[in-house]
Amino acid sequence: MSEIFNPKKEMFNNPQFGSMEEYKALVADFDNDYEGTWAKFADEKIDWFTPYNKILDESNAPFYKWFSGGTMNVAHQCVDRHLDTKKNKAAIIFEGDNGDKEIITYRELAYRVNQTANMFKNKFDIKKGDRVVIYMPMIPEAAVTMLACAKIGAIHSIVFGGFSAEALKDRIIDASAKLVVTADGAFRKGKPYMLKPVVDTALETGCECVKNVCIVERNGEDINWVSGRDYSYNELIKSESSVCEAEPMESEDPLFLLYTSGSTGKPKGVQHSSAGYILWAQMTMEWVFDIKDNDTYWCTADVGWITGHTYIVYGPLAAGATTVMFEGVPTFPDAGRCWKMVEEYQINQFYTAPTAIRLLHKMGENEPAKYDLSSLRILGTVGEPIDPPAWKWYYEAVGNSNCSIVDTYWQTETGGHMISPLPACTPIKPACATFALPGIIAEVIEENGTPTTTGEKGFMCITKPWPSMIRTIWNDDERFVKSYFGDCKKDGKAVYFTGDGAMVSEDDYITITGRTDDVINVSGHRMGTAEVEAAIKKHDNVASVAVVGKPHEIKGEGIFAYIVLKSDEGIADELEEMKTINQLIKAEIGAIALCDAMAFVPDLPKTRSGKIMRRILRSIVKGEEIIQDTSTLEDPSIVGIIESIVKG
Ligand code: WT7
């Protein structure tokens, strides 16, 4: 059994959860009265405009509804309702790449959100239910835009700034967005980079739905302005009123879409609700980060991912906290950037991804010791399984063996944390997400619902609906049911399957073992093999391709492509071929999907029915012994050939 670290309670003054007994008592409350316990929190936490009349509606499963009939508004929940007590408290502390700083109080945030909301209504004719695509850098205007959409009931869909024009275009079209909000660009590693030109390219073909582009001027570089379509945010905002009524939203009205990758097909627009989503965002902020009124909380994610939505913007602000927003990268100007910021702002909770922890460890093992990090109480990690060496360094070098580490397991689809230690409460084991949070019924089961034997891998399922769960895939109810409720059943009823494998130990600790499908986790970001393969197939000389994840020291997994060329004339120059293929990937998806390595092979291991045996390809790239049965392959000899090519 792995080492157990007992919580250091002395760092905590009256934590949310004092002991495992308290945790167990709340779990028991949910066991005894699931809906009633959720209702208790919904009543306590949400500032309802009109009360709901049903807690959980299961009549159209798996299209569950929570708190039906109630109305509220997420921007009101996150900003307006705090104004009586926190008007002058910092809501957002912004630090730019080049060190520029801005502190935005709750009052100032309300002012800007209202002006922006009015601008969307008056200048761009945005109405409740309209989709707004946000393609922005990590600047406060991104958060303001999200909240402005929420204020008037528009549905935002943020596209991560690293995605290409092609990827942006697909997402704009799928959501049929009316407005794109972007910036000229921003700064990275001391230099300006551009976003608006990417939007221009995306809109060149086939985005007729988009009527306008609203541009925040951040880096001041020259950009192209299309007359009648493009408007400057900075100019338009000046004449807008700072008074804006919050649109009353039904609990189930969509708050946002966020596109994510699956194992097959194009990215799916994960649709989240208003009330259920914000309730859990706020509760987990309070429970998992033990957020207190005087705390300064920093999550290093990008708003383009779900972590940025729930744990930079919505969760912290709903909880009335101070959230730090950082434009730059952790290694610029040096590997001490994060620790310098922790010292300067006296950060109490620091939340990042294993990939960043590994990088900072590698680049500056002793860097943390140069700074005063004594304000830290909680260190969070998210996005992929964290390896024990990274965990230990985080715990010892960054946390001075004093902090609680919260290894938070969740997904875009779950809206917020599902499995996580509770600080000052849960005895933690390195690299283990520990236990399901109260209210979340997380079970490791076989396909038919039987719990797995201790120590055996099984399917990580959430067997009861929860308020912040995905409601559907935008425009594709069928795919929603198939993707999440198609694989596992409990008591004959389809249950939510995460796509991950997991294991339960003797003492009931849950360890996530990783995806069971063809999804690759690169630096904590989900990449669909099908998407990457589709991009590579656009190359004229590619006959077939299969991509798999290859363990990578920093990124967790990198992308490895097995490629069969139509003609090997050009193969003398493999490096050139690799370059052009990666250029294609960059144009189709973005730099995050670039392949680390490729192997040009004569054929792929296929079954007689033509199915590519990815598992064999995964074993080869890991240098593992092939234990799979190869006799069913069309040509079993291909395995040895590929092996020798990969080994070089
Ligand atoms: C996938 C979800 C959740 C926000 C960031 C990624 C993996 C996430 C952990 C963790 C082990 C983890 C899973 C999951 N994952 N957190 N603490 N331990 N694996 O969101 O892009 O929706 O990806 O990330 O495989 O399914 P996402």
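A short reminder: the numbers here are calculations on the coordinates, not readings from a lab. Keep in mind it's a predicted model, so treat the numbers as computed, not measured. Neighbour counts run over all protein chains shown; Cβ positions are idealised from the backbone, glycine included.
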Using a basic spin-label model with each label point 7 Å from the Cα along Cα→Cβ, how many nm lie between Lys211 and Asp43? 4.3
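State, as an integer percentage, the relative contact order of region 583-648 based on alpha-carbon contacts under 8 Å between residues 6 or more apart.
Working: 47 pairs, mean separation 20.9, N = 66.
Relative contact order for region 583-648 comes out at 32 percent.
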Given the Cα atoms of region 444-513, and with Rh set as the inverse mean 1/r over their pairs in the Kirkwood sense, what is Rg to Rh to two decimals? 1.01
Determine, from the Cβ-Cβ distance of Asp635 and Asp477 and an R0 of 51 Å, the FRET efficiency 1/(1 + (r/R0)^6), rounded to the nearest 0.05. 0.80
Amide H of Thr434: which non-local residues (sequence gap of 5 or more, or other chain) have their own amide H closer than 5 Å, using H built in the peptide plane? Ile510
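Under the 0.36 nm per residue contour assumption, what length would be gained going from the current alpha-carbon distance of Leu594 and Lys457 to full extension?
Working: separation 137, 0.36 × 137 = 49.32 nm, distance 3.07 nm.
Roughly 46.3 nm would be gained on extension.
Give me the number: length gained by fully extending Ile554 to Asn13, i.e. 0.36 nm times residue separation minus the C-alpha to C-alpha distance, one decimal in nm.
Values: separation 541, 0.36 × 541 = 194.76 nm, distance 3.56 nm.
Value of the extension gain: 191.2 nm.
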For the residues Cys595, Cys432, what sequence is obtained by ranking on other C-beta atoms within 10 Å, fewest first? Cys595, Cys432
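Report relative contact order for the chain in percent, whole number only (criteria: Cα-Cα under 8 Å, sequence separation at least 6).
On the way: 1408 pairs, mean separation 82.4, N = 648.
Normalised by residue count, the contact order of the chain is 13 percent.
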Which residues qualify? For Thr296, with a placed amide H closer than 5 Å and at least 5 residues away or on another chain, they are Asn348, Gln349
Quick one: in region 205-287, what % of C-alpha pairs are over 22 Å apart? 60
Percent relative contact order of region 142-206, based on C-alpha pairs within less than 8 angstrom and at least six residues apart? 28
Write down the percent of antiparallel bridges among all DSSP beta bridges whose residues are both part of the chain, to the nearest 5. 60
What pairs in Lys189/Lys268; Lys89/Lys127; Lys191/Lys579; Lys45/Lys489; Lys40/Lys65; Lys268/Lys340 have C-alpha atoms more than 27 Å from each other? Lys189/Lys268; Lys89/Lys127; Lys45/Lys489; Lys268/Lys340
Ranked by Cβ crowding within 10 angstrom, fewest neighbours first, how are Cys149, Cys425 ordered? Cys425, Cys149
Expressed in angstrom, Rg and Dmax over the Cα atoms of region 463-564 are 17.1, 55
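What ranking do 6-13, 543-550 get when scored by the average of other Cβ atoms within 10 Å per residue, highest first?
Numbers: 6-13: 14.5, 543-550: 21.6.
For the peptides 6-13, 543-550, the packing ranking is 543-550, 6-13.
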Please list log₁₀ I(q)/I(0) at q = 0.28, 0.29, 0.32 Å⁻¹ for region 15-65, using the Debye equation with identical point scatterers on the alpha-carbon positions. -1.08, -1.10, -1.15
Using only Cα positions of the chain, each an equal point scatterer, no hydration layer, compute I(q)/I(0) via Debye at q = 0.05, 0.07, 0.11, 0.12 Å⁻¹ and quote the log10 values to two decimals. -0.22, -0.44, -1.15, -1.39
Taking a ≥ b ≥ c as the square roots of the eigenvalues of the Cα gyration tensor of region 518-647, is the shape rounded (a/c under 1.5), prolate (a/b larger than b/c) or oblate? oblate
What is the order of Trp66, Trp474, fewest Cβ neighbours within 10 Å to most? Trp474, Trp66
Report the paramagnetic label zone for Phe63: residues of region 480-500 whose backbone N is under 13 Å from a point 7 Å from Cα along the Cα-to-Cβ axis. 480-481
Hey, what's the Kirkwood Rh for region 489-540 if you take every pair of different alpha carbons, in angstrom? 13.8
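Working from the pairwise distances between different alpha carbons, so that the mean of 1/r is found and then inverted, what is region 285-420's Kirkwood radius in Å?
Working: mean 1/r = 0.0678 Å⁻¹.
It is 14.8 Å.
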